[in-house]
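The values are calculated or read from the model by the stated rules, or taken from the named source; none is laboratory data. In this text the structure is predicted, and so the values were computed from the model without any measurement. Ideal geometry is used to build each Cβ from the backbone, glycine not excepted, and the neighbour counts take in all protein chains shown.
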Amino acid sequence: MSNFKEEEIRFLKGVGPKFEKRLNNLGINNLKDLFYYFPRTYQDRSDFKEIRFIRPNEMVSIEAEVLDKDLIKRGKYKSVFKVTFTDGTDTLIGTWFNQSYLNDVFESGQKYNLYGELSKKSFFKYNKKEMINPTYEEIGNKNTIIHTGRVVPIYSLTEGLTQKRLRYIIYRALKDHLHKITDFLPEYIIDKYNHIELEKAIFNMHFPQNRQIFVKARNRLAFQELFLLQIVMLKRKKEYKKVNGIKHHSFNEKMDDFLDRLHFNLTNAQKKAWQQIKSDMEKKEPMQRLLQGDVGSGKTVIAVMSLIKTIENGYQGILMAPTEILAEQHYIKINKILKGFDYNIDILVGGVKGTEREDIIKRIKNSQADLIIGTHALFQNDIEYYNIGLIVIDEQHRFGVEQRYQLKQKGDNPDLLVMTATPIPRSLALTVYGDLDLSIIDEMPPGRKPVITTWRTEKSRSKIYNFVKEKIKKGEQVYVVCPLIEPSEELEANSVLEIKEILEKNYLSEFNVIALHGQLSSNEKNKIMSDFVNHKIDVLISTTIIEVGVDVDTANIMVIENAERFGLAQLHQLRGRIGRGQKQAYCIMIADPNTEEAKKRLEVMTETNDGFRISEADLEIRGPGEFFGTRQHGITDLKVADILKDRKILAKANQEANQLTEIYNWSQKYKKLAKKVEELTIII
């Protein structure tokens, strides 16, 4: 799109300085933003009814002529304005309050489209047909009909901006300026898929001519979005393949020694993932790999093997986690796993301050730290690494894409392994992690029994905790998860402190019940987790900070209070804390949901332990934007495409992007597309 004066949206018809600020609040800062600010839904106002047939409880469109009008003033500022309309079959009164200027708008004999609902009071009590504040539009030139008599767009709004005003602004902008937009899709792709022109697609996303054209418009724009994202991802991937990275050598004896020390054998899925990672690390170009596996599938062991490989090659390994408690638990677990190996392991999180932090930074710089575990604190400016060989990022979906690239800048093209316990459908991984190769651990360790999951209401609390009591007497431990730390007047939900008091007084008074939450210091949290691991605590009451945590073989019971307040992925992550041993584990959700969505989440949890199925359901319930969080690149940029519904379009976009980027000098051949890709690369 060319730069022209009217791109300053204040100069558009119907805008001005006042409405410019309101448009800015919606993220509309220029003409392009306005064009791509698509409706959230639509209303079909194209089906007209005769006045004689309309009844209350339905929104209807009518075409009628003005018979009479009457302005009744009630004081200085209050008024009632009534217009009597007829379509030849019956009459209808349109009533507007405190809009006396309408007296100069309506004239006898003029024809109008009206859209609204009959007043029940007037219809049933006074036996007359009346619409309060109907939408109206004079019937003149068909091209000026915006708000009635057609499929009408409904937009997300901000304070001080009405549907009618925004609809008018967008309509006028489309009519006056849409011809200046640049179509960047290569002609051969437009021809191959019979895509409609970009102008036509954008206009029909706002003001659909009919359903058939709307579907074509949507498909064209969805393809365009996904195609651009695929090119950006592939471009990045290919750029990394070109640079020289670190070629790691094999140290089979060290790896065999590590595997011998484990108290279990790797699953076939773990072995396959390791071979893929090992092969990548032994190549000259940098590894860019995603390790995906359900909770408890054994990703950490594979990550540790990768870190051993880089350390044995004389490099530093980095493991980054999204939260301090997870980083601390990784630190404890990996120290335990690598006991007997002569490695210097440090932890660097936001809570580490002063001289302790300075000492760690010195050790990192002077190559005295072999493995550094931490949070986003790892990529702060004052940290100089001696020689990074491998970066492992845990729970990748909690970081933005740019954060992982920021960390990579700390080294000389180190290998990158990102892990996620959020199982993602392969089609979705193409979009979200298109610049990474994919390894999947889709097999649980042998002997692991599926967790039996049930959903009970508040009325069953007594029975539930009697069951819990019997299990504790048999030597098992229990997690109780609550949505809040302290009682809240605003939220009706059980807190950690309330439930602790209830359990100690009523149900579990003979046992050691301890509370764990984010307001405790790191030392206090670590002490509690250590006591729980060492079976000094029977019941651990916690917030979701145990969502990602250490393995406790005897913790086989989890009670989730107010389970309706948790997301599906979060419930699945929480459940993953139990069932780590050989005994049967039980997850009991206590909930009285008041929405269909919440009921659906609980039902899915009771039906399956399969992370991939849960992931699919979570995506369907919440949509991909919420699923990945607003920081996740690409997903929030999608204004039309739906990753789940548009899988076929995604597959085509991926195929075309792959073929296009194989063409030598494609960016010179398709300059408009290359410019668009460059813009998107800068944005993300």
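State yes or no: is THR148 touching a Gly at 6+ places or on another chain (Cβ under 9 Å) and polar (S, T, N, Q)? Please lay out each step first, then the result.
Working: touching a Gly at 6+ places or on another chain (Cβ under 9 Å): no; polar (S, T, N, Q): yes.
So THR148 fails the test.
Which members of the range 583-603 meet the condition of being in a helix (DSSP H, G or I), surrounded by 20 or more Cβ atoms within 10 Å (Cβ to Cβ) and of a type in the set (A, V, I, L, M, F, W, C)? Walk me through how you get there before you give the answer.
First pass over the range 583-603, keeping only residues in a helix (DSSP H, G or I): 596-603.
Imposing the further condition that a residue be surrounded by 20 or more Cβ atoms within 10 Å (Cβ to Cβ) reduces the set to 601-602.
LEU602, the sole residue that qualifies.
Considering each residue of the range 332-356, count those that are over 19 Å from LYS254 (Cβ atoms) and either over 35 Å from the mean Cα position of the chain (by Cα) or modelled with pLDDT of 90 or more (or both), and give that number. Even if it seems obvious, please write down each step before you answer.
Step one: filter the range 332-356 for residues over 19 Å from LYS254 (Cβ atoms), giving 332-333, 346-356.
Filter once more, so that each one left must be either over 35 Å from the mean Cα position of the chain (by Cα) or modelled with pLDDT of 90 or more (or both): 346-348, 354-356.
The qualifying residues number 6.
Would you please name the residue that is farthest from the chain's Cα centre (by Cα), looking only at residues in the range 564-582 that are assigned to a loop (DSSP other than H, G, I, E, B) and either closer than 21 Å to GLU470 by Cβ or in the same structural domain as LYS299 (by TED's automatic domain parsing) (or both)?
Residues of the range 564-582 that are assigned to a loop (DSSP other than H, G, I, E, B), as a first pass: 566-567, 576-582.
Going one step further and asking which of them are either closer than 21 Å to GLU470 by Cβ or in the same structural domain as LYS299 (by TED's automatic domain parsing) (or both), we end up with 577-582.
Working: ARG577: 23, ILE578: 26, GLY579: 28, ARG580: 29, GLY581: 32, GLN582: 35 Å.
This residue is GLN582.
Of everything in the range 312-331 that's among the small types (Gly, Ala, Ser) and under 21 Å from LEU259 (Cα atoms), which residue is nearest to the chain's Cα centre (by Cα)?
Residues of the range 312-331 that are among the small types (Gly, Ala, Ser), as a first pass: 314, 317, 321, 327.
Next, from what is left, pick out any that are under 21 Å from LEU259 (Cα atoms): 314, 317.
Values: GLY314: 39, GLY317: 30 Å.
Among them, the one singled out is GLY317.
Only one of TYR101, TYR77, TYR42, TYR115 is closer than 25 Å to HIS206 by Cα and at pLDDT below 95; which? It would help to see each step written out before you state the result.
Values: TYR101 fails: closer than 25 Å to HIS206 by Cα; TYR77 fails: closer than 25 Å to HIS206 by Cα; TYR115 fails: at pLDDT below 95.
One residue alone meets the criteria, TYR42.
Any residue at all in the range 405-416 that is at pLDDT 70 or above, in contact with a helix residue (DSSP H, G or I) (Cβ under 7 Å, 6 or more places away or on another chain), farther than 30 Å from ILE364 by Cβ and not aliphatic (A, V, I, L, M)?
The answer is no; no qualifying residue exists.
Suppose we keep only residues that are in contact with a Ser or Thr (Cβ under 7 Å, 6 or more places away or on another chain) and part of a helix (DSSP H, G or I) within the range 289-332. Which one would you say is nearest to LYS238 (Cα to Cα)?
ALA327
Within the group GLY340, GLY317, GLY350, which residue is closer than 23 Å to GLN292 by Cβ and not hydrophobic (A, V, I, L, M, F, W, C)? Talk me through it step by step, then tell me what you get.
Details: GLY340 fails: closer than 23 Å to GLN292 by Cβ; GLY350 fails: closer than 23 Å to GLN292 by Cβ.
Testing whether each residue is closer than 23 Å to GLN292 by Cβ and not hydrophobic (A, V, I, L, M, F, W, C) leaves just GLY317.
Working only within the range 193-249, note down all residues that are among the hydroxyl-bearing types (Ser, Thr, Tyr) and touching a helix residue (DSSP H, G or I) at 6+ places or on another chain (Cβ under 8 Å).
Kept after step one, since they are among the hydroxyl-bearing types (Ser, Thr, Tyr), are these residues of the range 193-249: 193, 240.
Matches in the range 193-249: TYR193 only.
Restricting attention to the range 441-448, does a residue exist that is among the basic types (Lys, Arg) and either at pLDDT 90 or above or in a helix (DSSP H, G or I) (or both)? Outline the logic, then answer.
Step one: of the range 441-448, the residues among the basic types (Lys, Arg) are 448.
If we keep only those that are either at pLDDT 90 or above or in a helix (DSSP H, G or I) (or both) as well, we get none.
The answer is no, given that none of the residues of the range 441-448 is among the basic types (Lys, Arg) and either at pLDDT 90 or above or in a helix (DSSP H, G or I) (or both).
Just for the range 543-556: of the residues that are buried (at least 24 other Cβ atoms within 10 Å of the Cβ) and under 18 Å from LYS469 (Cα atoms), which one is modelled with the lowest pLDDT?
Filtering first and then ranking leaves ALA555.
Which of the helices (runs of 4 or more DSSP H) found entirely inside the range 184-247 contain at least 2 residues meeting this: at pLDDT 90 or above and either among the acidic types (Asp, Glu) or assigned by TED's automatic domain parsing to the domain that holds PRO39 (or both)?
On the way: elements: 187-192, 198-206, 211-242.
Helices (runs of 4 or more DSSP H) meeting the threshold: 187-192.
Answer with yes or no whether LYS164 is in a helix (DSSP H, G or I) and either touching a Phe, Trp or Tyr at 6+ places or on another chain (Cβ under 6 Å) or among the basic types (Lys, Arg) (or both). So that I can check it myself, show each step before the final result.
On the way: in a helix (DSSP H, G or I): yes; either touching a Phe, Trp or Tyr at 6+ places or on another chain (Cβ under 6 Å) or among the basic types (Lys, Arg) (or both): yes.
In short, yes.
Which residue, of THR84, THR89, is in contact with a Lys or Arg (Cβ under 6 Å, 6 or more places away or on another chain), of a type in the set (Ser, Thr, Tyr), at pLDDT 90 or above and not in a helix (DSSP H, G or I)?
Values: THR84 fails: in contact with a Lys or Arg (Cβ under 6 Å, 6 or more places away or on another chain).
Just a single option satisfies the conditions, and that option is THR89.
Which residue, of LYS283, LYS278, LYS309, LYS299, is within 31 Å of the chain's Cα centre (by Cα) and either within 26 Å of LYS410 (Cβ to Cβ) or of a type in the set (Lys, Arg) (or both)? Break it down stepwise before answering.
Working: LYS283 fails: within 31 Å of the chain's Cα centre (by Cα); LYS278 fails: within 31 Å of the chain's Cα centre (by Cα); LYS309 fails: within 31 Å of the chain's Cα centre (by Cα).
Criteria check complete, one pass: LYS299.
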